[in-house]
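The values are calculated or read from the model by the stated rules, or taken from the named source; none is laboratory data. Note that the coordinates shown come from a computational prediction; the quantities given were computed from them, not determined experimentally. Don't worry about glycine lacking a Cβ; one is built from the backbone with ideal geometry, like all the others, and counts go over all protein chains shown. Heads up: the accessible areas ignore ligands, DNA and RNA and are worked out on the full protein's heavy atoms, side chains in. Shrake-Rupley method; radii C 1.70, N 1.55, O 1.52, S 1.80 Å.
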Amino acid sequence: MSNTSESHKPDSGTTRIVAGETAPKPKRRRTLEIGLAVGLVLLIGAGAAVASAVSQNNQAAPAPTTTPAAELKLGYFSNVTHGPALVGTSKGLIAKELGETKLSTQVFNAGPAAIEALNAGAIDATYIGPNPAINSFVKSKGESISIIAGAASGGAQLVVKPEINSAADLKGKILSSPQLGGTQDVALRAWLGDQGFKTNTDGSGDVNINPTENAQSLKLFQDGKLDGAWLPEPWASRLVLEAGAKVLVDEKDLWENGDFTTTILIVNKKFAAEHPETVKALLKGHVESVNWLNSASAEEKATTINAVLKDTAGKPLPANVIERALQNIKFTTDPLAGTYNKLLEDGVKAGTTQQADINGIFDLRTLNEVEGKKTSAAGLGQD
């Protein structure tokens, strides 16, 4: 036997053998190679799956789908201070912008009742005074409502019997406001506190405050059972012109430049998130209504508003009443956000609101988009 190495050209599937070496075991090696290959494939596949999962987790969640609402349930009061609601609904300005969305309305006497309906889902948006809106925002820790526009400034007065000549004369007297915790109720209690009087929400105190529906306040005053009332228009004018009251305090005199918000437009936050197109349509109709009020003649305004009041209250206002009421009101889409910290303080002072942070109460982005101008949220929300 020769010690010389023998070799041949390896062909496919063969292994070169060298003399003096132990021949490898081909099947075992092949199994190992296959195992390693399979392991590598599995490892690559697992890595790809992990990378895909990480990539998906890092992607932003898709935006929630929003659609126009089938129906918008809107609240307002039968007050001249709610002129944009009266005009917008009666002239079809809001319904026109809503398109296929059905508009239904509900009339309230005062703000707390409207807030209760909004929180219960009976309405989706409402015209309202600022203090009930603040109170709802505070109680819900910012989850319930957003203020989306202003509607009116001015138009609230403390009217009293002719023999009452000063704040001092109010001690022991009986006064009314539209509803406990409403904007005029808070204004009355805060003002009396500034005059040194103590009032309580149960009606006791140095001055007795009995929250009463506006129409009932007029009758009680006429019957001599009420000494005065802090009321919005047209009720302040009705007590003056129909019942012989006189103005002791015009609220505009208590605010810088006479500007204070009487009526705003608010929306349920959940509704706004689900139906932003509907909220935008509402705001378009609202802006058109305010613009109409500010361009129409005094006669046109009085005729249009009176027609709605006849439907909701049973009869129109006398010409001199609605003329006086309209003179005291400025219609505006600006909610006067810079006044809200004082409004909150007044509510706390009146005992109807808790001290809280109201940052976030405004969302004026859509209003500003619709109007093409900047209305400020005064650092209390988005604009």
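Key figures for this structure:
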read-out: Ordering of 321-331, 159-169, 194-204 by burial proxy (mean other Cβ atoms within 10 Å per residue, highest first); value: 321-331, 159-169, 194-204
read-out: Segments 175-182, 343-350, 288-295 sorted - mean Cβ within 10 Å per residue, highest first; value: 175-182, 343-350, 288-295
read-out: Ser153, Ser90, ranked by accessible area, largest first (probe 1.4 Å); value: Ser90, Ser153
read-out: Average projection area in nm² (convex hull over Cα atoms of region 265-312, one quarter of hull surface); value: 4.2
read-out: Over region 157-257, relative contact order from alpha-carbon pairs under 8 Å, at least 6 apart, %; value: 43
read-out: Residue-wise HN-Hα coupling along region 195-205, computed from phi with Karplus coefficients 6.51, -1.76, 1.60 (Hz; x: Gly, Pro); value: 8, x, 8, 9, 10, 10, 5, 8, x, 7, x
read-out: From phi via Karplus (6.51, -1.76, 1.60), per-residue ³J(HN,Hα) for region 281-295 in Hz, x at Gly/Pro; value: 5, 4, 5, 4, x, 5, 4, 4, 5, 5, 4, 5, 4, 7, 10
read-out: For Leu72, residues with placed amide H under 5 Å, excluding near neighbours; value: Lys102, Leu103, Ser104
read-out: Global geometry of region 87-195, whether rounded, prolate or oblate, following the gyration tensor of its Cα atoms and the 1.5 cut on a/c; value: prolate
read-out: Largest-first ellipsoid semi-axes for region 241-383, taking √(5λ) over the Cα gyration tensor eigenvalues, angstrom; value: 29, 23, 15
read-out: Highest-first arrangement of 242-250, 357-365, where packing means the average Cβ count within 10 Å; value: 357-365, 242-250
read-out: Translational D in µm²/s for region 157-257 (Stokes-Einstein at 10 °C, 1.306 mPa s, Kirkwood Rh from C-alpha pairs); value: 121
read-out: Under-5 Å amide H pairs with Gly142, H placed in peptide plane, nonlocal only; value: none
read-out: Solvent-accessible area per residue for region 82-222 (1.4 angstrom probe, square angstrom); value: 36
read-out: Gyration tensor (alpha-carbon) shape descriptor, region 203-252, a/c threshold 1.5; value: oblate
